[in-house]
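First up is the structure itself, then whatever we jot down about it.
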Amino acid sequence: MPSNTFLKTMNFIHRGVIGVTRGKLGWEVARMPAITLTTVGRNSGRNRQVILTTPHRTSKFILVVASRGGDDRHPDWYLNILMNPNVIIRDQGGVEKAMTASLPDQNQYSELWGLVIEEHPRYLTYQEKTDRQIPLVLLKESSIPT
């Protein structure tokens, strides 16, 4: 499974690509749009930023998957949103949006998981690597100012 150091290094490089190309590259990964997600660190209280793929979007929400590549541990960003669901996202347009993170109920989870693995089967491979249920997170626009 990917180590914290590896994941942090990849995110650092990915943010660098977006920055150096002034947003022309880096906003699509594995045929999925990417976003930067800013959470508040559950221990530090500091802003933490990660680049995530968005395997499913609607006019009402953006879906992100807390897979961590099939690791047995949840990603830090997911643990952060459990403590504070208020997040900020930025996508290819460069506009920051305040969002609120929530978890789908079990029926909605089953429906969304089916959509995710149909379009992006690598997530099923990640699920097969771990005993934990990989969380899905819904990001919905919020009225909290950025």
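The values are calculated or read from the model by the stated rules, or taken from the named source; none is laboratory data. If you're wondering where the values come from, they're calculated on a predicted model, not measured in any experiment. Backbone-built Cβ (ideal geometry, glycine too); neighbour counts: all protein chains shown.
Considered as a group, the residues in the range 100-115 that are farther than 21 Å from Glu141 by Cα and either touching a residue at least 12 places away in the same chain (Cβ under 8 Å) or not in a helix (DSSP H, G or I) (or both) include one that is farthest from the chain's Cα centre (by Cα), and that residue is Leu115.
Checking the condition out of contact with any Ser or Thr (no Cβ under 7 Å at 6 or more places or on another chain), at pLDDT 90 or above, over 15 Å from Ala101 (Cα atoms) and loosely packed, with under 13 Cβ neighbours inside 10 Å, which residue from Gly16, Gly45 passes?
On the way: Gly16 fails: at pLDDT 90 or above.
Result of the check over Gly16, Gly45: Gly45.
Between Val50, Val65, Val29, which is touching a helix residue (DSSP H, G or I) at 6+ places or on another chain (Cβ under 9 Å), β-branched (Val, Ile, Thr), at pLDDT 95 or above and surrounded by 11 or more Cβ atoms within 10 Å (Cβ to Cβ)?
On the way: Val50 fails: at pLDDT 95 or above; Val29 fails: at pLDDT 95 or above.
That would be Val65, the only listed residue that is touching a helix residue (DSSP H, G or I) at 6+ places or on another chain (Cβ under 9 Å), β-branched (Val, Ile, Thr), at pLDDT 95 or above and surrounded by 11 or more Cβ atoms within 10 Å (Cβ to Cβ).
Could you please find all residues in the range 119-146 being assigned to a helix (DSSP H, G or I) and surrounded by 11 or more Cβ atoms within 10 Å (Cβ to Cβ)?
Taking the range 119-146 and keeping what is assigned to a helix (DSSP H, G or I), we get 119, 122-128.
Within the range 119-146, Glu119, Arg122, Tyr123, Leu124, Thr125, Tyr126, Gln127 meet the criteria.
Within the range 68-104, the set of residues being of a type in the set (S, T, N, Q) and either touching a His at 6+ places or on another chain (Cβ under 7 Å) or modelled with pLDDT under 95 (or both) comprises Gln92 only.
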